[in-house]
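The values are calculated or read from the model by the stated rules, or taken from the named source; none is laboratory data. Model, not experiment: these values are computed from the prediction. So basically every Cβ, Gly included, is an ideal-geometry build from the backbone, and we count neighbours across all protein chains shown. For the accessible areas, the whole protein counts, side chains as well, though only heavy atoms, and no ligand, DNA or RNA atoms are used. Shrake-Rupley method; radii C 1.70, N 1.55, O 1.52, S 1.80 Å.
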Amino acid sequence: MATETPRISLAGLGALLVDGAQGTFSDSTQELVWAVANTALTLEGVREAVPGMNNLLVVFDPLAVDPQTIAEQLKSLWGSTDAHAVAGAHHTIPVSYGGERGEDLAGWAAHCCMSVDEAVQRHAAATYTVAAIGAMPGFPYLSGLDPQLAWARRGTPRLKVAEGAVIIGGPQAGIMPMTAPSGWHILGHTDIKLFDVNAQSPVLLRPGDKIRFAISEIRA
Amino acid sequence: MIEILTTGLPNTVQDLGRPGYLALGVSRSGAMDKDALAIANLMLGNDPSAAGIEVAMHPFRLRALVDTAVAITGACCVASVGGRPCPPWWATIIRAGETVVLEAPRFGARSYIAFAGGLDLHPIMGSCATDVKSNFGGLAGRGLSRGDRLALNPAEYRLPSSGLGVALEERRGAADGFASAIELRVLPAAEFDAFTPASQAAFSGSDWSIANEANRMGYRLSGETLSLASPLELLSHGIVPGTVQVPPSGQPIIQLADANTCGGYPKIATVIEADLWRLAQAPIGARLRFICVSIEVATEALRSIHRWRHAFVAARKQMTGSRGQVDILQDSVTDAQRT
């Protein structure tokens, strides 16, 4: 368990960033982040708890409670909370790999020194965990990418990556909930909607959810 | 109902935003100058969070299709309602068929127009604010176009015949300050100490200017190059409006209302909430200066805003038609109630 004292810093007057990262991403630290996030929401004056990657942003009313008090409470929660896996939902995401909507597929396979087929099979073999939702509405930061499939982000981000793009950036995997700029590589496309403003619950995925990619086709 | 006659796409429907959804990746959004919109609403007897229009591109014209009342706040521009000159921070009656005209600001960058009852739009996640990054909220998630018609909520409104004005003590001296460099109070953020001593000194010791890329998502600044003492690789983390990030170029970016909810660049400081309106009113090219303050100073600044908002509500209740001017002294509730 990641019980090392986290770094706590001000993010303006009404928020604190609790950073438990020790270099590379750790799944067990992330479980602690989720657990502390849940408990932090019960603290007086706390308005939002936003899990990041091995860190947690806690937003509070600074006129109701001062930052030092919240910082002490969060530090103590970090040390005393039991990290545990969240019993999240399981999702299967059908993916059309390659083609016009998966333009980096061949380059990615070559970077991994694999055939396209092998790279895709390995991408679809893993179970991914939604570590955090953020950046844009419903965007999942997925952990669980096979390290041999990792590929550093593009030097220059694309100004538009389409909604539904199945992407990887460094050691992380993701799916675009909407068309937006991104520096991640595009492997394929899914028709599953991750964000729908008109839905009762606009965001499909939650931290702790598990994801498998299913191959619907592989196009050259 | 109102109809938009002259506009640009940066002009949007805004309210006080959609807090509470950061963990779903949804930005806070809402008016860039929240106090200006809140006061405009309060002048009309609306809830401060009623939806109005944020005008970031002037000139702007609209026509009222019904008898109603409007309040215009924010930037100081030459404005008229039904052909009658309308001073800044003023609320007045408007008749069906009359127009509201806002010319380019003499000072400031964003004007706010509130309507009696507020704009009647379908709220998404509790808010009618337009999120221009994610294209939802407001009017179909987009900026206003010529010919757009917007419905108003039914409302009763009472205003003195001459209208009602507000003078905010805090903003009286601001025009002079804006003429030189706009001062922004900041609290140090997570990576402040990771910057070289020279960069730390340059951050608050030199002037910055707002580069061309400045919108509701954030402002890019230009000035001295800030550098880390040694390279840092950060994992993605939640950020708030006001966060001053320093990407590898060394030129800071201030994240604002519609910013991404997570970022990965080192953060040198955060502009305090009480000063975000200064950024909202800072045009492209404006010069900025950062002043590092203590938690106590930041708290007092926020407390003072809450005090004058309460003072305003109290003063409006006591309002008589004789003068129509409500002076809000930011440092004292009782002073405001005396006027």
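Kindly establish whether B:ALA151 is crowded, with 18+ Cβ neighbours inside 10 Å, within 23 Å of B:LEU42 (Cβ to Cβ) and among the hydrophobic types (A, V, I, L, M, F, W, C). Judged against the criteria, B:ALA151 is not a match. For the stretch B:154-172, a residue qualifies if it is open to solvent by 40 Å² or more (accessible area, probe 1.4 Å) and part of a loop (DSSP other than H, G, I, E, B), and the qualifying residues are B:PRO154, B:ALA155, B:GLU156, B:TYR157, B:ARG158, B:SER161, B:SER162. Residues that are open to solvent by less than 10 Å² (accessible area, probe 1.4 Å) and facing chain B (nearest Cβ under 10 Å) within the stretch A:31-48 comprise just one, A:ALA37. Within the stretch B:71-123, being surrounded by fewer than 19 Cβ atoms within 10 Å (Cβ to Cβ) and within 14 Å of chain A (Cβ to nearest Cβ) holds for B:HIS122, B:PRO123.
Here A:PRO181 fulfils each of the conditions (1) part of a loop (DSSP other than H, G, I, E, B); (2) open to solvent by 30 Å² or more (accessible area, probe 1.4 Å); (3) in contact (Cβ under 8 Å) with a residue 24 or more places away in the chain apart from (1).
Is there a residue in the stretch A:86-102 that is of a type in the set (Asp, Glu) and touching a residue at least 24 places away in the same chain (Cβ under 8 Å)? No, that holds for no residue. Residue count for the stretch B:19-68 under the criterion of being out of contact with any Ser or Thr (no Cβ under 8 Å at 6 or more places or on another chain), on the phi > 0 side of the Ramachandran plot and within 14 Å of another protein chain (Cβ to nearest Cβ): the result is 1. Just name the residue that is nearest to the chain's Cα centre (by Cα) out of those in the stretch B:223-244 that are facing chain A (nearest Cβ under 7 Å) and among the small types (Gly, Ala, Ser). Once the filter is applied, the top-ranked residue is B:GLY242. Taking the stretch A:1-110 and the strands (runs of 3 or more DSSP E) fully enclosed by it, the elements with 1 or more residues that are over 22 Å from the mean Cα position of the chain (by Cα) are at A:7-10, A:46-51, A:55-60, A:90-98. Applying the criterion of being in a loop (DSSP other than H, G, I, E, B) and either open to solvent by 30 Å² or more (accessible area, probe 1.4 Å) or in contact with a Cys (Cβ under 9 Å, 6 or more places away or on another chain) (or both) to the residues of the stretch B:230-240, the residue that is nearest to A:ALA49 (Cα to Cα) is B:ILE239. Evaluate the following for A:LEU145: is it in a loop (DSSP other than H, G, I, E, B) and either in the same structural domain as A:ILE175 (by TED's automatic domain parsing) or open to solvent by 70 Å² or more (accessible area, probe 1.4 Å) (or both)? So A:LEU145 passes the test. In this entry, B:ILE291 passes the filter for residues that are at pLDDT 90 or above and surrounded by fewer than 18 Cβ atoms within 10 Å (Cβ to Cβ). Residue count for the stretch A:111-142, restricted to those that are open to solvent by 10 Å² or more (accessible area, probe 1.4 Å), over 16 Å from the mean Cα position of the chain (by Cα) and within 23 Å of A:LYS193 (Cβ to Cβ): 1.
Could you look through the stretch B:178-216, keep only residues that are among the aliphatic types (A, V, I, L, M) and within 17 Å of B:GLY285 (Cα to Cα), and pick out the one that is nearest to the other protein chains (Cβ to nearest Cβ)? Result: B:LEU184. Within the stretch B:186-229, the set of residues being outside any loop (DSSP other than H, G, I, E, B) and among the acidic types (Asp, Glu) comprises B:ASP193, B:GLU213. Residues that are facing chain A (nearest Cβ under 8 Å) and at negative phi within the stretch B:132-146 comprise B:LYS133, B:SER134, B:PHE136, listed in sequence order. Would you check if B:ALA75 is under 16 Å from B:TYR157 (Cβ atoms) and either in the same structural domain as B:LEU150 (by TED's automatic domain parsing) or not in a strand (DSSP E or B) (or both)? For B:ALA75, the condition - under 16 Å from B:TYR157 (Cβ atoms) and either in the same structural domain as B:LEU150 (by TED's automatic domain parsing) or not in a strand (DSSP E or B) (or both) - is not met.
Of the residues A:SER216, A:SER201, the single one that is in a strand (DSSP E or B) and either of a type in the set (Ser, Thr, Tyr) or open to solvent by 20 Å² or more (accessible area, probe 1.4 Å) (or both) is A:SER216. Does any residue in the stretch B:170-186 that is modelled with pLDDT under 80 come within less than 7 Å, Cβ to Cβ, of a residue that is open to solvent by less than 60 Å² (accessible area, probe 1.4 Å) and part of a strand (DSSP E or B) six or more places away or on a different chain, and which pairs are these? Going by the 7 Å Cβ cut-off, the qualifying pairs are B:ALA175/B:PHE107; B:PHE178/B:PHE107.
For A:THR127, state whether it is assigned by TED's automatic domain parsing to the domain that holds A:TRP184 and among the polar types (S, T, N, Q).
Judged against the criteria, A:THR127 is a match.
Filtered by the rule that a residue be assigned to a loop (DSSP other than H, G, I, E, B) and touching a Phe, Trp or Tyr at 6+ places or on another chain (Cβ under 9 Å), the stretch A:161-178 gives A:GLU163, A:PRO171, A:MET176, A:PRO177, A:MET178. Filtered by the rule that a residue be facing chain A (nearest Cβ under 10 Å), in a strand (DSSP E or B) and of a type in the set (Val, Ile, Thr), the stretch B:245-277 gives B:THR270, B:VAL271. Across the stretch A:184-198, the qualifying residues are those that are within 18 Å of the chain's Cα centre (by Cα) and in a loop (DSSP other than H, G, I, E, B), and the one among them that is nearest to A:VAL130 (Cα to Cα) is A:LEU194.
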